[in-house]
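Asker: Got a structure here, written out as structure tokens. Questions coming.
The values are calculated or read from the model by the stated rules, or taken from the named source; none is laboratory data. These numbers come from a predicted model, not from an experiment. Cβ placement follows ideal geometry from the backbone for every residue including glycine, while neighbour counts extend to all protein chains displayed.
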Amino acid sequence: MWTFLGTVALFEDSYALAARAFDRVIALRGDEVEAEDLRKALGANLSLGALDRALALSEQARQLAPDDAALWAARAEVLARLGRPGEAVQALDSVLLIDPDYANAWLRRGLYSLAAGDRTRAAADLQAAIEAGDDPEMVASQLLARGHRDHFQAGDYAAAVETFSIGLEVAPEGEVRQQLSFFTAYGLYQQGVAMDEANATEACGPARQALDSFRSAAHYLTDAGNYQPASQGQLVESADIYIYRQEQIIRKSC
């Protein structure tokens, strides 16, 4: 009865009711609980945002159904949403060991690896996702969205540029690639501005670094197509002024 009630509640998006129903199933069946019931319980709690409960369920699932790829994948999502991407990567290692063809596992592990700071593994996994059949534009769109949401909007332009650059490695020609190029250019421009503002003594080394950022920004804008043309024009004009300034500092100080 509780399993039926929980399944119907999930179908109707009544996640709180579903979570309570599957809690009853798990309590009644103990170590004999079915993996499917654990999967549904995890899904309900994830949908509710009850991450601590979802994590506890994933710990139980790890003990009772260690060869269930879907439960490991759910555990990875819980850990990622808890801000523990390194552990999420480990959970997806288990997914791929059990089922190398598990849907979106390579993509998710690549994104979590990037969040954990492992750019090399991220790039390799995202390329593997494409080789496994994922759409390159969709992968690039994921990187654009995550780079913008997680880093660009927070003013962490170095991390944003790194994320966008991986997107550019896989993006086909088209609008997503143009957007990646534009935001990469904008991020590099902002990094250059920060370097220039910090270089109050007009020292040689910082001016060279800033010059490289502004020149790189100008380069990426050439691939931005028709995306935000007015903003592109403003960036080009401002970058040219900063390039001239850095060149003058270098002539004087280097």
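Asker: Look at segment 197-224 and say how many of its residues are in a helix (DSSP H, G or I) and either of a type outside the set (G, A, S) or farther than 14 Å from Q248 by Cα (or both).
Answerer: 17
Asker: Given the conditions (1) exposed (fewer than 14 other Cβ atoms within 10 Å of the Cβ); (2) part of a helix (DSSP H, G or I); (3) modelled with pLDDT of 80 or more, and given that L71 satisfies all but one, which numbered condition is not satisfied?
Answerer: (1)
Asker: Now for a separate question. Inside segment 59-102, can you point out the residues that are within 22 Å of the chain's Cα centre (by Cα) and farther than 23 Å from G117 by Cβ?
Answerer: If the condition is that a residue be within 22 Å of the chain's Cα centre (by Cα) and farther than 23 Å from G117 by Cβ, then A69, A70, L71, A74, P100, D101, Y102 are the ones that fit.
Asker: Criterion first (over 14 Å from the mean Cα position of the chain (by Cα), without any contact (Cβ under 8 Å) to a residue 12 or more places away in the chain and either assigned to a helix (DSSP H, G or I) or farther than 23 Å from E77 by Cα (or both)) does E137 satisfy it?
Answerer: Considered against the rule, which asks whether it is over 14 Å from the mean Cα position of the chain (by Cα), without any contact (Cβ under 8 Å) to a residue 12 or more places away in the chain and either assigned to a helix (DSSP H, G or I) or farther than 23 Å from E77 by Cα (or both), E137 comes out as no.
Asker: If you don't mind, another one. Quick one: A160 ticks every box in (1) of a type in the set (A, V, I, L, M, F, W, C); (2) crowded, with 24+ Cβ neighbours inside 10 Å; (3) under 30 Å from Q60 (Cβ atoms) except a single one, so which number is it?
Answerer: It fails just one condition, (3).
Asker: Considering each of A128, A194, A158, A230 in turn, give the residue that is in contact with a His (Cβ under 9 Å, 6 or more places away or on another chain), of a type in the set (G, A, S) and assigned to a helix (DSSP H, G or I).
Answerer: Answer to the selection: A158.
Asker: Can you name every residue in segment 233-254 that is among the aliphatic types (A, V, I, L, M) and either assigned to a loop (DSSP other than H, G, I, E, B) or within 30 Å of G167 (Cα to Cα) (or both)?
Answerer: L235, V236, A239, I241, I243
Asker: Then there's this: Looking at A198, A185, A203, can you tell me which residue is crowded, with 23+ Cβ neighbours inside 10 Å and more than 19 Å from the chain's Cα centre (by Cα)?
Answerer: Result of the check over A198, A185, A203: A185.
Asker: Give the residue that is surrounded by the most Cβ atoms within 10 Å (Cβ to Cβ), with candidates limited to residues of segment 74-127 that are of a type in the set (D, E) and farther than 25 Å from A50 by Cα.
Answerer: Only one residue tops the list, namely D125.
Asker: I'd like the residue in segment 154-188 that is free of Cβ contacts under 8 Å to residues at least 24 places away in the same chain and touching an Asp or Glu at 6+ places or on another chain (Cβ under 9 Å) and, out of all such residues, is nearest to A123 (Cα to Cα).
Answerer: So the residue we want is A159.
Asker: Just to be sure before I move on: is A132 among the hydrophobic types (A, V, I, L, M, F, W, C), surrounded by fewer than 23 Cβ atoms within 10 Å (Cβ to Cβ) and either within 30 Å of I249 (Cβ to Cβ) or at pLDDT 95 or above (or both) in the structure I sent?
Answerer: Taking the combined requirement at face value, the residue does not satisfy it.
Asker: Something else now. Could you tell me which residue of segment 216-243 is farthest from A185 (Cα to Cα), considering only residues that are aliphatic (A, V, I, L, M) and surrounded by 15 or more Cβ atoms within 10 Å (Cβ to Cβ)?
Answerer: I243
Asker: Here is a further query. Cβ contacts < 7 Å: first residue within 11 Å of A61 (Cβ to Cβ), restricted to segment 31-46; second residue aromatic (F, W, Y), any location; separation 6+ or different chain. Result?
Answerer: Filtered contacts from segment 31-46: D37/F22; A41/F22.
Asker: May I pose another question? Checking the conditions here, which among R119, R75, R108 is among the charged types (D, E, K, R) and within 25 Å of I26 (Cα to Cα)?
Answerer: R75
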